[in-house]
Amino acid sequence: MDIKKNIKGLLKSLEGSQSELVAISKTKPTSAIVEAYEAGLRDFGENRVQELVDKHPLLPDDIRWHMVGHLQRNKVKFIAPFVYLIHSVDSLKLLGEIDKQGENCHRIINCLLQVHIAEEEQKFGFIPQELNQFLQNDELKNRNHIKVIGLMGMATFSEDLEKVRVEFRNLKTLFDQLKSKYTSSNVDLKVLSMGMTADYPVAMEEGSTMIRVGTAIFGTRN
Ligand SMILES: *Cc1c(COP(=O)(O)O)cnc(C)c1O
C-alpha cells in the first residue's frame, strides 16, 4: 500500500473543489498516520474513543483529530481536551455532555449533527424531520462550549450510486434549508461531511465540503 501515492491522487481529484479531506485511520498503526502526515495531511479521524486517546499523544501536535463514530456520553471526557471536530452528535443529551466537558477544559468544541439518510436501518443519527425542532430547542441556546458547525451523513452501502446520489442530494437540501434558517452564537452550519471511499466522488458532486476517506488512503482493514 503506497499511502503517499494514494494521497497524491486523492488531493489531485480534490483540486478546485470545496471539499476538505479527513483521513480515517481507524485500525491503522501510527506509522501509517505518520506517512500520511508527511504527505501533507493534518486531519485524521477515528471511530473509537480508545483508539483516539491512544494515538493522539504519539503523533504530532498539529494534527486535527476528528471523531466520526458513535460517541457514548460517559466517554466524552476522554477526548474533550483535544478533539477538533465531533461528527457524530445524535442527541441533545450528548451535546449537553460535550458542552460540560468543553467547559471543564476551557474549550469550545466543534460538532456536526449526524443525520440518518440511508435506507438501511441505522441505530444512530437524527431523522431529517427532527432537526428543525432540535435547532430551535431552548436548551441549545445556553450551551457556550459547543459550536454546531454542520451536518454529517452516511449513504446506503450500495453499488447503486444513483440511490446514493439521491441520499446525498437530500442531505444537501436539508443542509441549505437549515443553514439559512438557523444562525446563532453557537450554530453556524458551514460543514457538510459526506462521502467515503466508495462514494466520495458522488458526494463531492452533490455538495460535500468534507469527505472522510479511509480505505482509499490506507488500504483495506482487517
Ligand atoms: C470507516 C469510516 C469512514 C471511512 O470509510 P472508508 O470506506 O474506509 O473510506 C468514514 N466515515 C465513518 C463514519 C467511518 O466509520
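Observations, loosely collected:
- Residue selected from region 53-75 under the condition under 28 Å from residue 12 (Cα atoms), within 16 Å of the ligand (Cβ to nearest atom) and not charged (D, E, K, R), by the criterion farthest from the chain's Cα centre (by Cα): 65
- Within region 31-67, the set of residues being under 17 Å from residue 109 (Cβ atoms) and of a type in the set (Asp, Glu) comprises 43, 46.
- Residue count, region 177-200 (criterion: surrounded by 18 or more Cβ atoms within 10 Å (Cβ to Cβ), of a type in the set (S, T, N, Q) and within 15 Å of the ligand (Cβ to nearest atom)): 1
- Residues being within 8 Å of the ligand (Cβ to nearest atom) and surrounded by fewer than 22 Cβ atoms within 10 Å (Cβ to Cβ) - total across region 201-212: 0
- Note on region 76-100: residues that are more than 16 Å from the ligand (Cβ to nearest atom) and either surrounded by 19 or more Cβ atoms within 10 Å (Cβ to Cβ) or more than 23 Å from residue 21 (Cβ to Cβ) (or both) amount to 14.
- Number of the condition not met by residue 16 [criteria: (1) without any contact (Cβ under 8 Å) to a residue 12 or more places away in the chain; (2) in contact with a Gly (Cβ under 6 Å, 6 or more places away or on another chain)]: (2)
- Some residue of region 149-160 being in contact (Cβ under 8 Å) with a residue 60 or more places away in the chain, within 13 Å of the ligand (Cβ to nearest atom) and in a loop (DSSP other than H, G, I, E, B): no
None of the figures in this text is laboratory data; all of them are computed from the coordinates on show. Being a predicted model, the structure only gives us computed values, none of them experimental. Here Cβ is always computed from backbone atoms with ideal geometry, including for glycine, and neighbour counts include all displayed protein chains.
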